[in-house]
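First the structure, in the form of structure tokens, and then the observations on it.
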Amino acid sequence: MTESARVVIVGGGLEGLATAWSLAERGETDVLVLERNTLCSGMTGKSSGIVRCHYGVPSLAAMAWHGVQVFSNADEIFGTDIGFRQTGYIVGVGDNNTGPLTANVAMHRDLGVPVETIDADAVRRLWPGIALDDFAAFAYEPLGGHGDAYMTGMAYGTRARSLGVRVRQSTEVVALLQREGGDVYGVTLADGSEIHADTVVLATGVWSPTLGATVGLDLPIRTQREPILLVDQGEPTPDVPTFSDLVNLHYVRREPNGELLVGNSDHSSPEIADPDAYSNRAADDYIETAVGKLERLLPNMPDPRLASSYAGCYDITPDYNPIIGPAPAPGLFLLVGFSGHGYKISPAVGRLAADLLLDGISSDPAVDGNDFRFSRFAEGTPLVSLNPYVGAGEMR
Ligand SMILES: Cc1cc2nc3c(=O)[nH]c(=O)nc-3n(C[C@H](O)[C@H](O)[C@H](O)COP(=O)(O)OP(=O)(O)OC[C@H]3O[C@@H](n4cnc5c(N)ncnc54)[C@H](O)[C@@H]3O)c2cc1C
């Protein structure tokens, strides 16, 4: 007899597992997660895990705020540490972007997010030695910080399993099954067997276009490679806030071992890569540029050296925002295109996906489920910031 589940989720990363967890919390436990490798072995394992509510799209700010509240109570909710470090989060902008920053902060406060604008002296008190000549204004979220995406995803998976969700690893889906009328009714595995479902959730990140194509779906998702540097300052970095520099376009946060994790925020010429064949090391010219930016921000590092580097890939959509909702083919639900900012919103992604799957509508009045519809691209109405930053619009 063919195996079946009410909901089959393809992809055991953060978003698929958050959805499995949320469905189970709502009582839907006839859920089967299919992961071709091991849980969280995809891009989730490479995430910088930065947590901030600083978005220009109100639904995303509200989703990130929900994330902060879940992460802050992770011990109680999941019974385990998810690596969340509430370091505080600062975003700094130049003269050209003070207007959007002020407008975003006002919007965040309306949503209930604890956030304030602070001056350079206040930033220097939080991070002694930081050089701030490039900046004109800062927003500070005391409850922001960073978490461990692998630990978080595993916590979602463990909780989902304890509630009855089935998880199958080393199980590759090679095609979605579609009836002549267009409905998707299951998946075909690499061994040729089929699993049938009322709904198939596609949560396969950068690998989604290949599976979408098996039912003629042209997903507007590209793979953007992003190198990450780990820098040893010469002595352990003290507890400092997580910092987004929207002038020189990079972000910096402290690793638990005292190194600095440094990532890129310049998406003006994305490096499009093959998700199955990309260099997992930062290139020399990238390192030179990134270290130059870091030294401009932290000119007094005692004896800096590059400890290591690696690279991950974002599943970018044309507006750098995710697709969460039904596909044109009935029976298929899309959970793809998180575009490099899917960690902080993942608890709310799971909640929204469960709402849409079970009720067809978002349960949070601050989160408009319609914002993330697939059809927005064909309609020519991308999801964009209300207060866009000059030169740094993506992911905000
Ligand atoms: C370098 C980097 C830094 C980031 N930093 C941040 C950050 O600071 N803050 C933030 O909020 N977000 C950040 N993100 C984004 C966030 O980590 C991702 O959006 C999120 O982890 C994506 O989760 P996912 O479940 O969509 O994808 P993935 O974790 O990639 O999961 C997809 C899963 O699907 C599986 N799969 C694929 N094809 C198949 C198949 N055919 N059959 C079965 N299984 C399949 C894969 O093996 C994989 O496990 C970052 C991402 C990267 C890469």
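The values are calculated or read from the model by the stated rules, or taken from the named source; none is laboratory data. The structure displayed is predicted, hence computed values, not measured ones. Backbone-built Cβ (ideal geometry, glycine too); neighbour counts: all protein chains shown.
Structural remarks
- Test: residue 65 is of a type outside the set (S, T, N, Q), more than 10 Å from the ligand (Cβ to nearest atom), within 24 Å of residue 368 (Cβ to Cβ) and assigned by TED's automatic domain parsing to the domain that holds residue 370: no
- The stretch 148-187, residues that are basic (Lys, Arg) and either within 22 Å of the chain's Cα centre (by Cα) or part of a strand (DSSP E or B) (or both): 159, 166, 168
- Look at the stretch 196-216: where a residue is more than 10 Å from the ligand (Cβ to nearest atom) and a partner is of a type in the set (S, T, N, Q), sitting 6+ places away or on another chain with Cβ atoms under 7 Å, you get 196/2; 196/4; 197/4; 201/19; 215/178.
- Identification of strands (runs of 3 or more DSSP E) wholly contained in the stretch 303-350 with 1 or more residues that are within 22 Å of residue 280 (Cα to Cα) and at pLDDT 95 or above yields 305-316.
- Scanning the stretch 16-48 for residues that are near the ligand (Cβ under 6 Å from one of its atoms), surrounded by fewer than 23 Cβ atoms within 10 Å (Cβ to Cβ) and in a helix (DSSP H, G or I) yields one hit, 46.
- Flag if residue 73 is free of Cβ contacts under 8 Å to residues at least 60 places away in the same chain and surrounded by fewer than 22 Cβ atoms within 10 Å (Cβ to Cβ): yes
- The stretch 371-384: number of residues that are in contact with a Gly (Cβ under 8 Å, 6 or more places away or on another chain) and surrounded by fewer than 23 Cβ atoms within 10 Å (Cβ to Cβ): 3
- Among the residues listed as 42, 112, 92, 129, the single one being in the same structural domain as residue 253 (by TED's automatic domain parsing) and more than 25 Å from residue 387 (Cβ to Cβ): 129
- Apart from one condition, residue 347 fits all of (1) surrounded by 24 or more Cβ atoms within 10 Å (Cβ to Cβ); (2) in contact with a Leu (Cβ under 7 Å, 6 or more places away or on another chain); the exception is (2).
- Among the residues examined, residue 311 does not qualify as buried (at least 21 other Cβ atoms within 10 Å of the Cβ) and in contact with a helix residue (DSSP H, G or I) (Cβ under 8 Å, 6 or more places away or on another chain).
Each row is one residue, and each column tells you yes or no for (1) among the aliphatic types (A, V, I, L, M); (2) buried (at least 20 other Cβ atoms within 10 Å of the Cβ).
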site: 203; (1), (2): yes, yes
site: 206; (1), (2): yes, yes
site: 214; (1), (2): no, no
site: 219; (1), (2): yes, yes
site: 223; (1), (2): no, yes
site: 227; (1), (2): no, yes
site: 231; (1), (2): yes, yes
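- Hits in the stretch 1-15 - residues which are in a strand (DSSP E or B) and in contact with a His (Cβ under 9 Å, 6 or more places away or on another chain): 3, 4, 5, 8
- Residue list for the stretch 228-258, restricted to those being of a type outside the set (D, E, K, R) and in contact with a Ser or Thr (Cβ under 6 Å, 6 or more places away or on another chain): 229, 230, 241, 242, 249, 250, 251, 258
- Filter pass, residue 254 being under 21 Å from residue 206 (Cβ atoms) and surrounded by 12 or more Cβ atoms within 10 Å (Cβ to Cβ): no
- Residue check, residue 188 out of contact with any Asp or Glu (no Cβ under 8 Å at 6 or more places or on another chain), among the hydroxyl-bearing types (Ser, Thr, Tyr) and in the same structural domain as residue 27 (by TED's automatic domain parsing): no
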